[in-house]
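A.B. asks: Can you keep this structure in mind? I'll have questions shortly.
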Protein chains: 2
Amino acid sequence: MTAAPDPMSDAALRERAARVIPGGLWGHMRSQGLPAGYPQFFQRAEGCRLWDADGREFIDFMCSWGPIVLGHHDPEVEAAAEAQRRLGDAMNGPAPVLVELAEHFTALVAHADWTIFAKNGTDATTICVTTARAGTGRRKLLVAKGAYHGAAPWCSPSVVGVTAEDRAHLLHFRYNNIRSLEQAAAMCAGDLAGVLVSPFRHDYGVDQELPTPEFAQAVRALCDRAGAALILDEVRTGARIDLAGSWEDLGVRPDLAAWSKAIANGHALAAVTGSERWRDAAASIFVTGSFWCGAVAMAAALACLRKLQAVDGIAHMRAMGQRLRDGLARQAAAHGFRIRCSGPPQMPMLLFDDDADAALGSAFCSLALQRGVYLHPKHNMFLSVAHRAQDIDRTLDVTEGAFAELAAGRR
Amino acid sequence: MTAAPDPMSDAALRERAARVIPGGLWGHMRSQGLPAGYPQFFQRAEGCRLWDADGREFIDFMCSWGPIVLGHHDPEVEAAAEAQRRLGDAMNGPAPVLVELAEHFTALVAHADWTIFAKNGTDATTICVTTARAGTGRRKLLVAKGAYHGAAPWCSPSVVGVTAEDRAHLLHFRYNNIRSLEQAAAMCAGDLAGVLVSPFRHDYGVDQELPTPEFAQAVRALCDRAGAALILDEVRTGARIDLAGSWEDLGVRPDLAAWSKAIANGHALAAVTGSERWRDAAASIFVTGSFWCGAVAMAAALACLRKLQAVDGIAHMRAMGQRLRDGLARQAAAHGFRIRCSGPPQMPMLLFDDDADAALGSAFCSLALQRGVYLHPKHNMFLSVAHRAQDIDRTLDVTEGAFAELAAGRR
């Protein structure tokens, strides 16, 4: 007689989920895209560490796919959230913290004169596009080919269940390619409402690519010339690159920007910021959600943004990301692997040369996972303020072992 | 010398908000639609009571426009949320509570074989429509004229910033009008993907209208004949009419249903439920959000749904709503007003006869507000389990005074 299988094990939970959830899970957190051995379910989290349903502990480099920027259970964020929770969360209107957060955020973000809060990154990108259309009376939107801007029918990476009309006014350009941008704009005649662009190229499965200053300036010049909105999609980058806006170092400011993920350290919040020119347009559209005035997530965001400033969290994440990147580069070279670490150090993408279907990268990540480090073989990763030097060094001990075993398997 | 105005008063907060938020606030919670004297900002909430930024206390009949179904700070819900919060909320994947909630919800909802969770009601209605299109390979969607199904470009009550293509495949019928339904369906030829319909008519500013059994059956028969999806929009009604589904008493089951608002007692959560026929379609589409696997809202939902069952919360809300309605009817008649209370007692709409622009209704609500009761003159209201008989009776004391003053002003 064998013991009954644990109904709360990752394997059992997957079986149970497959019965009551189509495909076992929706969207980007579905583990089918990950190498074998990756868990689907997580029982707890603390700082930069996660424990899966089977109790395995990992140093985490996905940060919940971005939201966790200070680490899980950050004491300042959770104290602020709890204080607001004791007062009220969803009420018949906002709490005063809405005003405090909006004041703080518009002061922090260089281009911002106003803000609107929502729940999903997709809410924020959609509000930006609707505002651009309202403010111009035009329809066409330029987006980079392959860029992810959300999961609504107009922008989803999949066209299943989507109609042609949902994307009728989208035109594509190639990231960092000024000529393709201008060609796409030329096709809009007088109907260009906006250009929606990520601060850097962070497409799935390919090297990340920072914008050339010339490209960013060309987007700005094009929008100025056309009277169209430059919409920066900060959903993935916001609060990790530059609190004032990810293109500040390039001297290029957007008209509208979409934010979510990290701004409230894991609490569900999204935001749109805009400049004065677009205020009336933003006031003229109807957008809302049952929980968009929820006060707890706003209190969390205010504490999160303040702490990121107070501890210079971005410099810390950058330094920790660089420490990881340098270590990985040394180890890879020592073991005879050619790897590429692309993007800002605090949002690293790790790819192997000559690695069709990321087979080698997946094998490497599986070996790291077995040793207690959660990496992603095809998506950019994320550092948090909770990653300290000893966590990076412990990670590098693990990756040293993973490279060594990978090299041994090759011989 | 006068004292400096309190920067946290409702008036000061509105001024501050006007500077950093377009129009002072977005969406349905913007107080501009309410009579003069209504607050915009709320400092705290408890049970069925709210305190505005100026410290005024109200017995509340909006329940945060629906989400608060057990009352603010329900101890069971908050204990479950806190227990999950101590473990983890947004992680690299869901927590086990996702499976427990999905199992519970699909067992509870009569038509449901599976579920998907999201954050906004609009997410849920959009997922239903996308699933219907994926599962049929068709495009057309029938919706009732004037019905609210969310605030995305395809369904927003405003067309500012929206393109004609966003609504290219929508056709309209009149609620409870079988002939207009069939006429709209006939215009779709073989391209009908689904019919999206609310369990009852709850349009802004007009009497609520329950569906005739014949109408509900006709929607079902039409969808069966056409192979299209019957999509029930339970966002506003869910967890207040019938936990198994709001058309259970009519014997009519949907293929897909959209849920949000009350299912997690104020925590941000939405859900889609579907029957077996639509499972593969739901698995084939790509929908996601950064916080859709957030575990705290799921733990809250599980506790909320369990408590609603355990205490028969719906029967209680219905009884309290009836007590309110009966009292209002007696008082109105005694003071010579003709009023109409429409819809289910637990989601009452109160309108005055011969009341252009709801001037009389607004005056009545203002008088009630001054006396400590928060009503809405043009939108359906909501009861919660936290409304006890003494709260209703205290409310009726207030409305007696409001009717009396309204009558005095008339003479």
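What follows draws every value from the coordinates through simple rules; no lab data is involved. As the structure is a computational prediction, the values presented were derived from the model and not from experiment. Because the Cβ atoms are built from the backbone with ideal geometry, glycine has one as well, and the counts that use them run over all protein chains shown.
A.B. asks: Treating the point 7 Å from Cα along Cα-beta-carbon as the label, what are the nm separations from B:Ala333 to the other copies, to one decimal?
C.D. replies: 9.1
A.B. asks: Picking from A:Ala216, A:Ala168, A:Ala184, which is most flexible by a Gaussian network model of chain A using Cα springs under 10 Å?
C.D. replies: Sorting by GNM fluctuation, first place goes to A:Ala168.
A.B. asks: If the cut-off is a Cα-Cα distance under 23 Å, which lysines reach A:Lys378, setting aside same-chain residues fewer than 8 apart in sequence?
C.D. replies: A:Lys145, A:Lys261
A.B. asks: In a GNM of chain A with a 10 Å cut-off on Cα contacts, which of A:Ile178, A:Ile68, A:Ile263 has the highest mean-square fluctuation?
C.D. replies: Ranking A:Ile178, A:Ile68, A:Ile263 by mean-square fluctuation puts A:Ile178 first.
A.B. asks: A further question on this structure: Run lengths n ≥ 4 of DSSP H only: what is the helix-derived mean residue ellipticity at 222 nm for chain B, with -39500 (n - 2.57) per run over all residues, to the nearest 500? Display every interim value, and only then the final one.
C.D. replies: Numbers: 11 runs with 153 residues, N = 411.
Calculated mean residue ellipticity at 222 nm is -12000 deg cm²/dmol.
A.B. asks: Another question, then. Once the label point is set 7 Å along the Cα-to-beta-carbon vector, what list of distances in nm do you get between A:Gln309 and its counterparts in the other copies?
C.D. replies: 4.8
A.B. asks: Further question: Between B:Gln309 and A:Asp113, what is the spin-label point distance in nm, taking each point 7 Å from the Cα along the Cα→C-beta axis?
C.D. replies: 5.4
A.B. asks: Segment B:315-398: which trypsin sites (Lys or Arg not before Pro) are DSSP loop and have at most 13 other beta-carbon atoms within 10 angstrom? Could the numbers behind the result be given before it?
C.D. replies: On the way: sites: B:Arg318, B:Arg323, B:Arg325, B:Arg330, B:Arg338, B:Arg340, B:Arg371, B:Lys378, B:Arg388, B:Arg394; in loops: B:Arg338, B:Arg371, B:Lys378, B:Arg388.
Filter output for segment B:315-398: B:Arg338.
A.B. asks: Among the DSSP beta bridges whose two residues both lie in segment B:118-251, what percent are antiparallel, rounded to the nearest 5?
C.D. replies: On the way: 1 of 13 bridges.
Expressed as a percentage, antiparallel bridges in segment B:118-251 total about 10.
A.B. asks: Mind checking which aspartates and glutamates have their C-alpha under 18 Å from B:Lys140, skipping anything on the same chain fewer than 8 residues away?
C.D. replies: Correct list for B:Lys140: A:Glu165, A:Asp166, B:Glu165, B:Asp166, B:Glu182, B:Asp191, B:Asp224, B:Asp233, B:Asp255.
A.B. asks: For the protein assembly as shown, what is the percent of antiparallel DSSP beta bridges, rounded to the nearest 5?
C.D. replies: Details: 44 of 78 bridges.
So the antiparallel bridges amount to about 55 percent of the total.
A.B. asks: Something else now. Using θ = phi - 60° and the Karplus relation 6.51 cos²θ - 1.76 cosθ + 1.60, list the HN-Hα couplings for segment B:6-20 in order, rounded to whole Hz, with x at every Gly or Pro.
C.D. replies: Listing the rounded values in order: 5, x, 9, 6, 4, 5, 5, 5, 4, 5, 5, 4, 4, 7, 10 Hz.
A.B. asks: Where the centroid of each part is defined by its Cα atoms, how far is segment A:155-227 from segment A:311-341 in Å?
C.D. replies: 30
A.B. asks: Here's a follow-up. One decimal, nm, shortest first: give the distances between the label point of B:Ala186 and those of the same position in the other copies, each label point 7 Å from Cα along Cα→Cβ.
C.D. replies: Shortest to longest, the spacings are 5.1 nm.
A.B. asks: Using the Cα gyration tensor of segment B:134-188, with a ≥ b ≥ c the square roots of its eigenvalues, what is the shape: rounded (a/c below 1.5), prolate (a/b larger than b/c) or oblate (neither)? It would help to have the intermediate numbers written out before the result.
C.D. replies: On the way: a/c = 2.12, a/b = 1.31, b/c = 1.63.
Note, shape of segment B:134-188 comes out oblate.
A.B. asks: Okay, next question. Given a Förster distance of 25 Å, report the FRET efficiency between A:Gln217 and A:Asp191 from their Cβ-Cβ distance, rounded to the nearest 0.05.
C.D. replies: Values: r = 23 Å, r/R0 = 0.94.
Efficiency, rounded to the nearest 0.05: 0.60.
A.B. asks: What are the ³J(HN,Hα) values, in whole Hz, obtained from phi via the Karplus relation 6.51 cos²θ - 1.76 cosθ + 1.60 with θ = phi - 60°, for each residue of segment A:224-236 in sequence order, with x given for Gly and Pro?
C.D. replies: 4, 4, 8, x, 9, 8, 8, 9, 9, 8, 8, 4, 7
A.B. asks: Measuring from label point to label point, each 7 Å out along Cα→Cβ, what is the A:Asp249 to A:Ala334 span in nm?
C.D. replies: 2.8
A.B. asks: Show the residues, 5+ positions off or on another chain, whose built amide H is closer than 5 Å to the amide H of A:Val195.
C.D. replies: Here the answer is A:Leu142, A:Ala229, A:Leu230, A:Ile231, since their amide H atoms fall under 5 Å of that of A:Val195.
A.B. asks: In degrees, nearest 10, range 0 to 90: what is the angle between the Cα axis of helix A:97-108 and the longest Cα principal axis of chain A?
C.D. replies: Roughly 90 degrees between the two axes.
A.B. asks: Mind listing the long-range amide H neighbours of B:Arg340? Cut-off is under 5 Å, sequence gap 5 or more, other chains count too, H placed in the peptide plane at 1.01 Å from N.
C.D. replies: B:Leu351, B:Phe352, B:Asp353
A.B. asks: Would you grab the residues whose amide H sits under 5 Å from the one on A:Trp114? Only those 5+ places off in sequence or on another chain, please, with H modelled 1.01 Å from N.
C.D. replies: Distant-sequence amide H within range of A:Trp114: A:Gly274.
A.B. asks: Next question, about the same structure. Explain nothing, just compute: Karplus ³J(HN,Hα) = 6.51 cos²θ - 1.76 cosθ + 1.60, θ = phi - 60°, for every residue of segment B:175-191 in order, whole Hz, x for Gly and Pro.
C.D. replies: Computed from phi, the couplings for segment B:175-191 are 4, 6, 10, 5, 5, 5, 4, 6, 5, 5, 5, 5, 6, 8, 6, x, 10 Hz.
A.B. asks: In segment A:75-310, what percentage of the DSSP-assigned beta bridges are antiparallel, given to the nearest 5?
C.D. replies: Details: 10 of 25 bridges.
In segment A:75-310, approximately 40 percent of DSSP beta bridges are antiparallel ones.
A.B. asks: At a threshold of 8 angstrom on Cα-Cα distance, excluding pairs fewer than six apart, so keeping six or more, what relative contact order does segment B:75-310 reach in percent?
C.D. replies: Once divided by the residue count of segment B:75-310, the mean separation gives 33 percent.
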